[in-house]
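Here's the structure, in C-alpha cells; my notes come after.
The values are calculated or read from the model by the stated rules, or taken from the named source; none is laboratory data. Remember, it's a predicted structure, so these values are computed and weren't measured experimentally. We place every Cβ from the backbone using ideal geometry, glycine too, and count neighbours over all the protein chains shown. Protein only, heavy atoms only, side chains kept; ligands, DNA and RNA dropped before computing areas. Shrake-Rupley method; radii C 1.70, N 1.55, O 1.52, S 1.80 Å.
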Amino acid sequence: MDPTLTNEPAKEQRLLAAIVFTDVVGFSRLAAKNEARVYVSLQRDMGVITDLCRAHGGQVLNTMGDGMLLCFTSAVDAMAAAVEMQRTLAAQAESLPPTDVLHHRIGVHLGDVIVKGDNVFGDGVNTAARLQNDARPDSIWFSQTVNEVIKNKLKIDSKYVGKRQFKNLGEPVSVWEIPPVSETRAQLAVDSAGMNNAQGMLHEPEGVRGGKALLLVVISVVMVGSIVFLFQQINTKEAKKSPTPSVAGLDPTPALPPDTTPAPVATSGQTPVTTPLPPITGSDAQKRIDDLKRNYSFSEIADFLTAEGSTLPDANTLRDKFSKLAQMRAWMETAILESTASDMIQAQLSIGSADIYSQPPPLIQLNKAGFQPFELTALQPNDFAALARAIQARPAARAPAEVSEWLSLFAAEYPGAA
C-alpha cells in the first residue's frame, strides 16, 4: 500500500546508484536580463533531458531551479544518457539563435546513496553535485569510480583531469572529462585538415589522384632499384680493396646476413605481436611537456604524466601541479563564456587594453579597434596571467580561493609572467 495513503513515513533505503546532476551555466545572470525567454529555453532543455533520462532507464528525482537530479541503477546507462544529452543539446543549438541557447554542465558519480521517498542524499549525491559545479560548460565530469565501470563498455572520448579536493568531501576525487561537443568537432576538423594537406590531394579529381599515385609508385621503384644497385657496386669494390684479415691462422668469421625473417603476423583470434616501446627518457619527457605548455594544454600534460611519463622521478609532483593549472584554465574559460557585451572582462595586456566577452564565440577588442575572434592559446604567458588576475578582480566574480596558488604555479612554469 502507498505510504502516503496511510500517513506512514517513507522508509529509508541505502543502495548503490549512479547519480547525474545537471545545471545551466550563468542562469541567474541570464534570467535577470530576460526571465521569460530564458524560462522557455529552460523548459525546452529540461524536456530533452527528461526524455533521454527515461529512455536510458533513469528517473528524474528532483528539479532545483535550473538544475536536475537524476538517478540510474547502472553507471553505464547514466553515462550513455549524459553523453546523449550533451550531443542532443549541441545539435539543437545549431538551429537556434544564440540568445536561446543554454549551456549545461553535467556531473556523474556512482556511490552509496540513501533514498527516502522522492529524496536522495548521501556522499554519492554530494560528489556528483561537486563534479557538476566544477565542470566546464557543455562538458561532462565523472569520477574514477564511474570510469572503472564504463571504460570497457562505452566508446567515449574522455580525458583525465586530475585529482580534486571538493568542499565537505573527505578524500580527493579523481576526475575524468568528456569535452564539449563543439571542442571535439573542432579538433576533428583540425586533424582532418592536417591529414588532407599532408596527402596533398585536396580538391583533386579521382583521375588526377590515381595518376599521381601510379607515378609515385613507378618513381619509387626506380629509385629503390638504383640505390640498391649503387650500394652493391660500392660494396663489391670495397671488398676487393680490403679483404678481411685472418687472426692466428684462422679463417675469418663470415659476416652474418641481415635478418630477413618476417615479423610474426597475428592471425584471426590471436593477440597481435607488438614490440614494446622503449621507456621515455627525461629529455624526451621534458620536450613533450614543453610542447604542450606552449598551448597551455595543462590537462594533456597531466594525462601524459599519468601514462608514458609516469616513470619520471617527479611525475606525481608535476601531475599535481599541472592538474591545478588545468583547473585554472577551466575557470578562466568558464568566466569568458559567461561574460556578455554588457558585462565584459576588461584586462590590461601587453598588447593594449582588452575587452573580452562571449557572443559566442569569444571575442576580443584591443584598444577599441573592433572585435575579433579570441582564444586563450593566442596569449603570451604574461598576458595569460594578466587576464586571470582581471577575471579574479571582477566585482561580480566568485573567484575560487585557489586562484592565488594557481597564479604562483603559473609564474613558476612561465618565468616573467608574474
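Within segment 65-90, take every residue that is open to solvent by 30 Å² or more (accessible area, probe 1.4 Å), without any contact (Cβ under 8 Å) to a residue 60 or more places away in the chain and assigned to a helix (DSSP H, G or I) and give me the one that is farthest from residue 54 (Cα to Cα).
The qualifying residue farthest from residue 54 (Cα to Cα) is 88.
Against the conditions (1) in contact with a helix residue (DSSP H, G or I) (Cβ under 7 Å, 6 or more places away or on another chain); (2) surrounded by 14 or more Cβ atoms within 10 Å (Cβ to Cβ); (3) more than 28 Å from residue 315 (Cβ to Cβ); (4) at pLDDT 90 or above, where does residue 174 fall short? Just the number, please.
Looking at each condition in turn, residue 174 falls short on (3).
Scan segment 340-389 for residues that are within 21 Å of residue 296 (Cα to Cα) and either among the basic types (Lys, Arg) or touching a Pro at 6+ places or on another chain (Cβ under 9 Å) (or both) and jot them down.
356, 361, 362, 363, 364, 373, 374, 375, 376, 381, 389
Only residues that are touching a helix residue (DSSP H, G or I) at 6+ places or on another chain (Cβ under 7 Å) and not in a loop (DSSP other than H, G, I, E, B): list them for segment 42-58, please.
Applying the first criterion (touching a helix residue (DSSP H, G or I) at 6+ places or on another chain (Cβ under 7 Å)) to segment 42-58 yields 45, 48-49, 52-53, 56-58.
Matches in segment 42-58: 45, 48, 49, 52, 53.
Under 8 Å between Cβ atoms, which residue pairs at least 6 apart in sequence (or on different chains) link something in segment 159-179 that is under 12 Å from residue 135 (Cβ atoms) and in contact (Cβ under 8 Å) with a residue 60 or more places away in the chain with a partner that is in a strand (DSSP E or B) and open to solvent by 40 Å² or more (accessible area, probe 1.4 Å)?
Matching pairs, first to second residue: 161/176.
Could you look through segment 99-152, keep only residues that are under 18 Å from residue 42 (Cα atoms) and more than 24 Å from the chain's Cα centre (by Cα), and pick out the one that is most open to solvent (accessible area, probe 1.4 Å)?
99
Just to be sure I understand, how many residues within segment 306-330 are within 19 Å of residue 295 (Cβ to Cβ) and modelled with pLDDT of 85 or more?
12
In this structure, does residue 413 turn out to be touching a helix residue (DSSP H, G or I) at 6+ places or on another chain (Cβ under 8 Å) and in contact (Cβ under 8 Å) with a residue 12 or more places away in the chain?
Criteria met by residue 413.
Scan segment 307-323 and tell me whether some residue there is in contact with a helix residue (DSSP H, G or I) (Cβ under 9 Å, 6 or more places away or on another chain) and over 21 Å from residue 284 (Cβ atoms).
yes
Of all the residues that make up segment 278-329, how many are in a helix (DSSP H, G or I) and within 20 Å of residue 164 (Cβ to Cβ)?
As a first pass, look at segment 278-329 and keep what is in a helix (DSSP H, G or I): 282-293, 298-306, 308-311, 315-329.
Those left that are additionally within 20 Å of residue 164 (Cβ to Cβ): 298-306, 310, 315-329.
The qualifying residues number 25.
Run residue 161 past the list (1) open to solvent by 60 Å² or more (accessible area, probe 1.4 Å); (2) closer than 20 Å to residue 306 by Cβ and report the number of the one that doesn't hold.
For residue 161, the exception is condition (1).
Take the conditions of a type in the set (A, V, I, L, M), part of a strand (DSSP E or B) and either surrounded by fewer than 18 Cβ atoms within 10 Å (Cβ to Cβ) or in contact with a strand residue (DSSP E or B) (Cβ under 9 Å, 6 or more places away or on another chain) (or both) and apply them to residue 336. Does it pass?
Details: of a type in the set (A, V, I, L, M): yes; part of a strand (DSSP E or B): no; either surrounded by fewer than 18 Cβ atoms within 10 Å (Cβ to Cβ) or in contact with a strand residue (DSSP E or B) (Cβ under 9 Å, 6 or more places away or on another chain) (or both): yes.
Spelling it out, it is not the case that residue 336 is of a type in the set (A, V, I, L, M), part of a strand (DSSP E or B) and either surrounded by fewer than 18 Cβ atoms within 10 Å (Cβ to Cβ) or in contact with a strand residue (DSSP E or B) (Cβ under 9 Å, 6 or more places away or on another chain) (or both).
Within segment 261-305, how many residues are at pLDDT below 80, of a type in the set (Ser, Thr, Tyr) and within 28 Å of residue 385 (Cβ to Cβ)? It would help to see each step written out before you state the result.
Applying the first criterion (at pLDDT below 80) to segment 261-305 yields 261-283.
When the remaining residues are screened for being of a type in the set (Ser, Thr, Tyr), the result is 261, 267-268, 271, 274-275, 281, 283.
Those left that are additionally within 28 Å of residue 385 (Cβ to Cβ): 283.
Of the residues in that region, 1 qualify.
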